[in-house]
1. When you count, for each residue, the other Cβ atoms within 10 Å and take the mean per peptide, how do 257-265, 319-327 rank with the highest first?
2. Using the basic label-point model (7 angstrom from Cα toward the beta carbon), what is the Arg401 to Arg93 distance in nanometres?
3. Please sort 53-61, 156-164, 26-34, 110-118 by packing, taking for each peptide the average over its residues of neighbouring beta carbons within 10 angstrom, highest first.
4. Count neighbours as other Cβ atoms within 10 Å of each site's Cβ, and list the trypsin sites (Lys or Arg not before Pro) in segment 58-104 that are DSSP loop with at most 15 such neighbours.
5. Counting pairwise Cα distances across segment 94-157, what percent come out greater than 16 angstrom?
6. Sum -39500 (n - 2.57) across every DSSP H segment of at least 4 residues in the chain, then divide by the residue count to get the 222 nm mean residue ellipticity, nearest 500.
7. Once you keep just the Cα pairs under 8 angstrom separated by 6 or more residues, what percentage relative contact order results for segment 8-314?
8. Quote the FRET efficiency, to the nearest 0.05, computed for His214 versus Ala419 with a Förster distance R0 of 45 Å and r equal to the Cβ-Cβ distance.
Amino acid sequence: AMWSGLFTHLTESWNNFKGLDPDYITWMDLMEKHGYHTQKIGKLDYTSGHHSVSNRVEAWTRDVHFLLRQEGRPMVNLTGDRKRVRVMEADWRNTDKAVNWIKEEAVNLTQPFVLYLGLNLPHPYPSPYAGENFGSSTFLTSPYWLEKVTYEAIKIPEWCSLSEMHPVDYYSSYTKNCTGEFTKEEVRNIRAFYYAMCAETDAMLGEIISALGHTGLLGKTIIIFTADHGELAMEHRQFYKMSMYEGSSHVPLLVMGPGVKEQQEIPNVVSLVDIYPTMLDIARIPVPQNLSGYSLIPLLREKTESEVSLRAPRPSWVLSEFHGCNVNASVYMLRTGKWKYIAYSDGCSVLPQLFDLTADPDELTNVAIKFPVIVQSLDEILRSVVNYPNVSSSVQEYNKRQFISWKQSLGQNYSSVIANLRWHQDWLKEQKKYENAIDKWL
């Protein structure tokens, strides 16, 4: 969404394996074409054909009637001592590369530049204790960062019982290995370590800002800091992402630079599809009319829309959608004002959710049955943006097609390959039962 400026149902980037076509023209490509010097460093995983076999098979088989844990149980791991500042070494190496590039290259450029730095933190780390290739469920930090976290300030999230969970939430919690018993101390630790990992990420951003300051570039550079998803950190009995709850879908978006007023908090709901037109707007490049997003510049600079854009005004809602693993139905979220509406699959077979974020910021009470008129009006807006029953059906067909073609490519070897994916610990207990469930689905 960020690199294409389009909603997922338009790019058909259905999962981590099915991203953008390699020749898709991103905002960075356009900026390069218009005379910008461009530099990408670090994590870039938006094109098709990447990610593990396990991750894509889990996404394709989400319609199969079985429950298999796809992740290691979330846990914490303390490493090093009070002097260990650089825990996520790969991210620090990339931050150093970016800093050096600013100091050695950017400072000497005669043309404007755009630098992209993609970090992995504060994403959890792989969990080798659970077996090879077993997800990323370890929250890892050093005493240096953990000491920056105030344990007393950490809120322990409230959970509803497993039997009361929305069916999709139950599937997510199960596949994320979170349905077992967790003590309050375990939950508090996971959250504390996550905040410590955020602090380490923050320090990397600080290095970039310092480098721009030292080179005299800070006053003429716009910095945008954002993320592709959040981290539930045991809210709603889940960790990781793949959810429309705030912990997962509400991401940071911080902007600083010339013309951007300091310390302002803009109340509008905005989305990662807005990054594409914003980048072009900054570079004064004409914005394609087919984009799903809207430039953030009018909000940041408090200009009227008509001064900047010929497009219709920004809508009062944002859309998010997800079709990948750990969720057994396509999910669509419409956020407007105090309401969050979440629709699943074809809109009928799985009940929707409605949350009043003003009265219920922790999203513990689904009020969809209580407010049928609001559900109907939000559902109409959602359907005017995306024909979601049709899209869900297309994704189901895609998943089946992809799985069949993968299975055929393996021949007789299919069963032993699938048995060794991330869910091997559950799969091997009742292998025949799960093979039969797949056959029935096909």
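The values are calculated or read from the model by the stated rules, or taken from the named source; none is laboratory data. Since this is a predicted model, take the numbers as computed values, not measurements. Positions of Cβ are generated from backbone atoms using ideal geometry, with glycine treated the same way; all protein chains shown enter the neighbour counts. The protein model used for the area step is the full one, side chains on, heavy atoms only, and it has no ligands, DNA or RNA in it. Shrake-Rupley method; radii C 1.70, N 1.55, O 1.52, S 1.80 Å.
1. 319-327, 257-265
2. 3.9
3. Descending packing order for the listed peptides: 53-61, 26-34, 110-118, 156-164.
4. Passing sites in segment 58-104 are Arg82, Lys83, Arg84.
5. Percent of Cα pairs beyond 16 Å in segment 94-157: 69.
6. One gets -10500 deg cm²/dmol as the mean residue ellipticity at 222 nm.
7. Numbers: 415 pairs, mean separation 52.7, N = 307.
RCO, segment 8-314: 17 percent.
8. Details: r = 54 Å, r/R0 = 1.21.
Once rounded, the FRET efficiency stands at 0.25.
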